[in-house]
1. Looking only at region 87-108, which residues are among the aliphatic types (A, V, I, L, M) and either crowded, with 20+ Cβ neighbours inside 10 Å or touching an Asp or Glu at 6+ places or on another chain (Cβ under 6 Å) (or both)?
2. For region 33-62, how many residues are surrounded by 11 or more Cβ atoms within 10 Å (Cβ to Cβ) and not in a strand (DSSP E or B)?
3. So, Asn139, is that one within 13 Å of Ser175 (Cβ to Cβ) and of a type outside the set (A, V, I, L, M, F, W, C) or not?
4. Can Gly134 be described as open to solvent by less than 20 Å² (accessible area, probe 1.4 Å), out of contact with any helix residue (DSSP H, G or I) (no Cβ under 9 Å at 6 or more places or on another chain) and assigned to a strand (DSSP E or B)?
5. Can you report the number of residues in region 204-238 which are over 16 Å from the mean Cα position of the chain (by Cα), within 20 Å of Gly170 (Cα to Cα), surrounded by 14 or more Cβ atoms within 10 Å (Cβ to Cβ) and not hydrophobic (A, V, I, L, M, F, W, C)?
6. For region 64-95, give me each residue that is in a loop (DSSP other than H, G, I, E, B), out of contact with any His (no Cβ under 7 Å at 6 or more places or on another chain) and either under 18 Å from Gly50 (Cβ atoms) or among the aliphatic types (A, V, I, L, M) (or both).
Amino acid sequence: QLERRRGITIVERNVMPRKVRSLQPFVAHGSGVNCLHVGPNSAGVLATGGADRMVNVWRVGKPNALMTLGGHNTPITSVRFNNKEENVSAGSQGGTIKIFALGSGGKSVRNLSGHRSDVTCLDTHPYHSYLLSGSADTNLKVWDMRRKNCMGTYRGHSTAVNNVLFSPDGSLAASGDDDGTVKVWDLTAGKLLYESLEHKRAITAIAFHPTEFLLATASMDKTIKFFDIDSFHLVSTIT
């Protein structure tokens, strides 16, 4: 099925999955692996966060960790490289975020406190040294990683925030929560732009289109929805 709206083409087709084989299984942590992120610049490094309260950094394809980053007192719940892969941010179950500088052997250079519960998700700004965090305390925060301060707290979700994401130009942020609510925030004005209640269960993933005014959201309700964030309306739903 092919659908065109406002220059957006959505193709839905049935494709038989290929057989998938494990390329290189390896033990990443002493207990459960809670989160991971592939370096966005090289795609050659991987950061993992574990219930053992450690962050490990790996060279993709190599079985041994490049470095182990410690210092958290509770399990790691989110990890994120910055865009240049110079540092790794790690959020914890206790609500603390630590930033590790990879060029100095993984030294902890920032400690960001303010969330009251699990830091469930992180994203880094495409151009500036800003960090976006979402938490089980229902709030979003934007941090200046250089100055170690919170630039703004965004309230409005009624349940845990599962996903946060900067827009490609860095002016907007999207967030999804445990009851299926999606919000789009204007970071320049510091206010809520749009709220969607279209999903019926928890949001599991969100993604901005890199060039179009389009936001995709995935949910435990078994659907993916596409929203036009220029006119703020639902474009399409895939079951």
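The values are calculated or read from the model by the stated rules, or taken from the named source; none is laboratory data. Just so it is clear, the model here is predicted, and its values are computed rather than measured. Ideal geometry is used to build each Cβ from the backbone, glycine not excepted, and the neighbour counts take in all protein chains shown. Side chains included, ligands, DNA and RNA excluded: accessible areas come from the protein's heavy atoms. Shrake-Rupley method; radii C 1.70, N 1.55, O 1.52, S 1.80 Å.
1. The initial filter retains those residues of region 87-108 that are among the aliphatic types (A, V, I, L, M), namely 88, 90, 97, 99, 101-102.
Residues satisfying the conditions are Val88, Ala90, Ile97, Ile99, Leu102.
2. 11
3. It is true that Asn139 is within 13 Å of Ser175 (Cβ to Cβ) and of a type outside the set (A, V, I, L, M, F, W, C).
4. In short, yes.
5. 2
6. Asn64, Gly70, Gly71, His72, Asn73, Thr74, Pro75, Gln93, Gly94, listed by residue number.
Rundown of residues vs (1) among the basic types (Lys, Arg); (2) assigned to a loop (DSSP other than H, G, I, E, B); (3) within 15 Å of Ala174 (Cβ to Cβ); (4) free of Cβ contacts under 8 Å to residues at least 12 places away in the same chain, yes/no style:
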| site | (1), (2), (3), (4) |
| --- | --- |
| Val109 | no, no, no, no |
| Gly114 | no, yes, no, no |
| Thr120 | no, no, yes, no |
| Asp123 | no, no, yes, no |
| His128 | no, yes, no, no |
| Trp143 | no, no, no, no |
| Arg146 | yes, yes, no, no |
| Thr153 | no, no, no, no |
